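The structure appears right after this line, and notes come after that.
The values are calculated or read from the model by the stated rules, or taken from the named source; none is laboratory data. Since this is a predicted model, take the numbers as computed values, not measurements. So basically every Cβ, Gly included, is an ideal-geometry build from the backbone, and we count neighbours across all protein chains shown. Just so you know, the surface numbers come from the protein's heavy atoms only, side chains and all, with ligands and any DNA or RNA stripped out. Shrake-Rupley method; radii C 1.70, N 1.55, O 1.52, S 1.80 Å.
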Amino acid sequence: MDSKSLQKLIAVWFDEDIREGDHTSLCCIPADAMGCQQLIIKDTGILAGVEVAKEIIRYFDPECRFEQLLEDGAAVKPGDIAFRVYGKQLSLLQIERTMLNIMQRMSGVATTAHRYQSLIADTACHVLDTRKTTPGLRYLEKEAVKIGGGMNHRIGLFDMILLKDNHVDFAGGITAALTRAREYCKAKQKDLRIEIETRNEDEIREAIATGIPNRIMLDNFTPEQTRHAVALIRSLTTANPADEHYIEIESSGGITKDTLRDYALAGVDFVSVGALTHSVKSLDMSFKAVK
């Protein structure tokens, strides 16, 4: 996320939390009192959000000094210190919750992505995120997925064409949907990758026959059905990933940590998992005063 967009988000976060003033801190902390607080890890996982924390602190009080001890992507455990911040006690107290909320959320996403990708680290398959993100936090959650070792699917509806079952049904079928997608890209002079969701082998054959899709999604296929589908696709197209006509294969739909490896071993290139962002436990951490 670019700095300007992030600053807009930060402004919203502080308006949500502080509004006309932090009355609790203002009533008992002298305006000129200086101090230090440090970010303490209280759980095991992958750290994410350090760079965002810097921007939050810089936005609120540029005079604060940031002492970084750990970087985004670091494997952390209880007791680790990620960084220390020196500055006005009032600033540190008002920054605390907003910064922690973002870092805990991003670290939870990064940790989840790391756990999923680790299950298939010995395969050529990659775990993908989805658009099932927290409104307003998509860019940060998708950045956290990358920090944790996963990969991003499309960011939104604007950077890729993904023809799902409803698009196919409304358009009148696989061929009609793909043909319109190609014509649209040509008319709008858009260089967008085209992916299509398929529900059975007949739809796979029809999609391949058009010569249009860059990626085929296998939606709600069992691992056994996935193996057959992968064999079919590779028999009808090139099996060489370096070939420009190579069609990527993605599995999607209800895939869990227990079934992830079965899909990866079936030969797909990607497995998309909504749980990377929609069912995440935040990583526990605290921002405590250094006496």
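Express as a percent, rounded to the nearest 5, the fraction of DSSP beta bridges in the range 39-172 (both residues included) that run antiparallel.
90 percent
Taking a cut-off of 14 Å between Cα atoms, list the aspartates and glutamates near LYS190, but don't count ones fewer than 8 places away on the same chain.
By straight Cα distance, LYS190 reaches ASP159.
Amide H neighbours of ASN200 under 5 Å, counting only residues 5+ apart in sequence or on other chains, H built in-plane at 1.01 Å?
Those qualifying (amide H under 5 Å, at least 5 residues apart or on another chain) number zero.
Per residue, how much accessible area does the chain show when a 1.4 Å probe rolls over the protein heavy atoms, in square angstrom?
I get 51 Å² per residue for this part.
Mind checking which lysines have their Cα closer than 18 Å to the Cα of LYS54? Skip sequence neighbours fewer than 8 apart in that chain.
Reachable lysines: LYS4, LYS8, LYS88, LYS288.
Counting only C-alpha contacts under 8 Å and six or more residues apart, can you give the relative contact order of the range 36-159 as a whole percent?
Relative contact order of the range 36-159: 28 percent.
Output wanted: per-residue J couplings in Hz (rounded whole) for the range 162-174, from phi through Karplus 6.51 cos²θ - 1.76 cosθ + 1.60, θ = phi - 60°, x for Gly and Pro.
The phi angles translate into 10, 7, 9, 4, 5, 4, 4, 5, 5, 6, x, x, 4 Hz.
Taking LYS42 as the anchor, which aspartates and glutamates have their alpha carbon closer than 13 Å to its alpha carbon, excluding any fewer than eight residues away along the same chain?
Once the sequence-local aspartates and glutamates are set aside, what remains near LYS42 is ASP80, ASP284.
Count the net charge of all other residues whose Cβ sits under 12 Å from the Cβ of LYS288, scoring Lys and Arg as +1 and Asp and Glu as -1. Don't skip to the answer; put the middle values down first.
Details: positive: LYS42, ARG84, LYS291; negative: GLU96.
Value of the local net charge: +2.
All other residues with a Cβ under 13 Å from the Cβ of PRO62 taken together, and with Lys, Arg as +1 and Asp, Glu as -1, what is their net charge? Present the calculation step by step, with values, prior to reporting the outcome.
Details: positive: LYS54, ARG58, ARG65, LYS88; negative: GLU55, ASP61, GLU63.
That sum, taken over residues with Cβ under 13 Å, equals +1.
For the range 41-70 and the range 226-248, write down the distance between their C-alpha centroids in whole Å.
So the separation of the two Cα centres works out to 44 Å.
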